[in-house]
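Have a look at the structure below before the remarks.
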Amino acid sequence: MEVIICPDAERVGEIAAAKVAQIANRVGPRVVLGVATGSSPLALYARLADRVRAGTLDLSEASAFALDEYVGLPVTHPESYHDTIRRTVTEPLGLEPSRVHVPNGQATGVDLELAGPRYEEAIKAAGGVDVQILGIGGNGHVGFNEPTSSLSSRTRLKTLAAQTRQDNARFFNDNIDEVPTQCLTQGLGTILDARNAVLVANGEGKAAAIAAMVEGPVTSMCPASVLQLHPHATIVVDEAAASRLTMSDYFKLAYASLPPWQRLDV
Ligand code: F6R
């Protein structure tokens, strides 16, 4: 696990975007992105959009797969992940909308059961995800894989934890009753299959989850800790989110010692 500690949230966005762009440029224009919603990756997307505008990153033939979607919200609802991804990823990065996929949270009955396996098939048909962008919940979730999720889970229906609904109430007029109770989410096994993972986190509120993910045991009680098993996981955090890491001096030394060809172009 590579951990990059940045002075502030703005720098987290710049460094994480540089990492994603480095991978995307190595893969080429048909890169397959895995994209998260939430507030953490917004600066990353904005800095990627700068690179697209500047002509240093070509995503014209890229595909994207969202991590998750609420069940039961109309796709036109501004907090549905369909609409959030359109606003924050598809349009700013100039992606072709037909190549941007979000799990079908509108499905019901058998179709809802099948939505996960169908999503897995679509990822496979695209050749797999080259770089998965992630945030982390205060309870250590990635995607909506809440604590006790199977470490080998695939895309499926999940019930949101009470803390997640409380945390996300800020997007729903501060009213927890408006936050859906269920979601479709890529599994931890699905996320592990991505060829690279880049996780971003900012602020004191994420410090305990970051410490558990990086320095704690691999356990379903901290679903993000499964990234310790990933061969190419990069964690980009600000000082506040890094504040409970005991190895932060080592991470800073390791980043300062990167060979020139691995340095990030920012
Ligand atoms: C979003 C997602 C979640 C968020 C996490 C952090 O698609 O899958 O895991 O990344 O809840 O959310 P923020 O960034 O809003 O703190």
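The values are calculated or read from the model by the stated rules, or taken from the named source; none is laboratory data. Worth saying up front: this structure is predicted, and the values here are computed from it rather than measured. Here the Cβ is made from the backbone with ideal geometry for all residues, glycine too, and neighbour counts use every protein chain on show. These accessible areas exclude ligands, DNA and RNA; they are computed on the full protein's heavy atoms, side chains included. Shrake-Rupley method; radii C 1.70, N 1.55, O 1.52, S 1.80 Å.
For segment 44-87 and segment 222-266, what is the separation of their Cα centres, given in Å?
Segment 44-87 and segment 222-266 have Cα centres spaced 25 Å from each other.
Ignoring ligands, DNA and RNA, what accessible area per residue does segment 2-262 give at 1.4 Å, in Å²?
Here the per-residue accessible area is 42 Å².
I'd like the distance between the alpha-carbon centres of segment 128-142 and segment 148-211, rounded to an integer number of Å.
Answer, in whole Å: 8.
Express as a percent, rounded to the nearest 5, the fraction of DSSP beta bridges in segment 100-247 (both residues included) that run antiparallel.
45 percent
Excluding same-chain pairs closer than 8 in sequence, count the lysine pairs in the chain whose Cα atoms lie under 24 Å apart.
Qualifying lysine pairs in the chain: 6.
Given a 1.4 Å probe and every protein chain left where it sits, what share in percent of the accessible area of segment 20-70 is carbon and sulfur?
Result for segment 20-70: 51 percent of the exposed heavy-atom area is carbon or sulfur.
Can you tell me what share of the DSSP beta bridges in the chain is antiparallel? A percent to the nearest 5 is fine.
Rounded to the nearest five, the antiparallel share is 30 percent.
Residue 82: net charge of surrounding residues, Cβ under 15 Å, Lys/Arg +1, Asp/Glu -1, itself excluded?
-2
Take residue 2 and residue 118, extend 7 Å from each Cα along the Cα→Cβ direction, and tell me the distance between the two endpoints in nm.
In this crude label model, residue 2 to residue 118 measures out at 3.7 nm.
Let me check I've understood the local charge: for residue 5, count other residues with C-beta under 15 angstrom from its C-beta, Lys and Arg +1, Asp and Glu -1. What total comes out?
Combined, the nearby Lys, Arg, Asp and Glu give -4.
Between residue 152 and residue 110, how high is the FRET efficiency from 1/(1 + (r/R0)^6) when r is the Cβ-Cβ distance and R₀ = 30 Å? Nearest 0.05.
0.80
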